[in-house]
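Notes to accompany the following structure.
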Amino acid sequence: MATTSKVAIVTGAGSGVGKSVALALLRENYAVVLAGRRKEALEATATEGTEAGSRLAMVVPTDVGDPESVKALFAKTKATYGRLDLLFNNAGTGAPAIPLEDLTYEQWKTVVDANLNGTFLCTQEAIKIMKNQQPRGGRIINNGSISAHAPRPNSAPYTATKHAITGLTKSTALDGRKYDIACGQIDIGNADTALA
C-alpha cells in the first residue's frame, strides 16, 4: 500500500473541468485517482500530470452511474492508498436541447444516472472510507451549475439534476459533520469544454 500526504478522486477527469482540477491537485502533490468512462482521455490526463513532474496519478476507468463500477473505484483507491482525503464529484452530461415533451426516457435517465446518481454513489462510498480512516474525515466537492439557479431553455434533465445536487450537497454537509466530513458545491458558469 502506497502512502502519500493527500489522496483525491476526481470523476470526469479525462476532460474539461475535471481534467483541470486533477492537474491542479497533482501540482499540489496529491495522489489523484482519475475516474471516467474514457480510458484514453484519463491516460492523457495522467501523462500531462507526469510531464508536469507528478508521478501520483492512477487511472481507473469508471461509469459513475453503475454502482458496481463505483464500488470498484473506491475499493481500488483504498487498497492502493489506504485513505481518501478529497472527492471531486465532477462527472456529468447533458441531453439534447430539445423541448421537454420530446425527450425520451433514455435521454432523461442518462443525465440522471451521470449527474445525480453518480454523485450519490460516489459520495456514499467516500463517506464509508472517510468516516473510518485515521485521521478521520475528508472533503467532498460537488460540481453544481448556475443552472441550479437560472435554468436555460430546453434543459430540464440537466437543470433538474443540478437542483438535486444542491440538495444532496446540503444534506451531505449536515450528515457528514459528525464524521469530520465537509461537503461543498461549486456553481461555475459556462466553461469552454467539449461538453459545452
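The values are calculated or read from the model by the stated rules, or taken from the named source; none is laboratory data. Model, not experiment: these values are computed from the prediction. So basically every Cβ, Gly included, is an ideal-geometry build from the backbone, and we count neighbours across all protein chains shown. Only protein heavy atoms, including side chains, enter the accessible area calculation; ligands, DNA and RNA are left aside. Shrake-Rupley method; radii C 1.70, N 1.55, O 1.52, S 1.80 Å.
For this structure, a couple of remarks:
- Of all residues in region 69-80, at least one satisfies being β-branched (Val, Ile, Thr) and crowded, with 18+ Cβ neighbours inside 10 Å.
- Residues located in region 124-171, provided they are out of contact with any Phe, Trp or Tyr (no Cβ under 9 Å at 6 or more places or on another chain) and among the hydroxyl-bearing types (Ser, Thr, Tyr): 155, 158, 159, 161, 166, 169, 171
- Figure legend. Inter-residue proximity from region 72-87: first residues among the aromatic types (Phe, Trp, Tyr), second residues modelled with pLDDT under 95 and open to solvent by 10 Å² or more (accessible area, probe 1.4 Å), beta-carbon distance below 8 Å, spacing 6+ or different chains. Indicated pairs: 81/1; 81/2; 81/3; 81/4.
- With respect to (1) open to solvent by less than 30 Å² (accessible area, probe 1.4 Å); (2) part of a helix (DSSP H, G or I); (3) at pLDDT 95 or above, the lone exception for residue 159 is condition (3).
- Within region 87-128, if we keep just the residues that are of a type in the set (Phe, Trp, Tyr) and surrounded by fewer than 21 Cβ atoms within 10 Å (Cβ to Cβ), the residue that is nearest to residue 64 (Cα to Cα) turns out to be 120.
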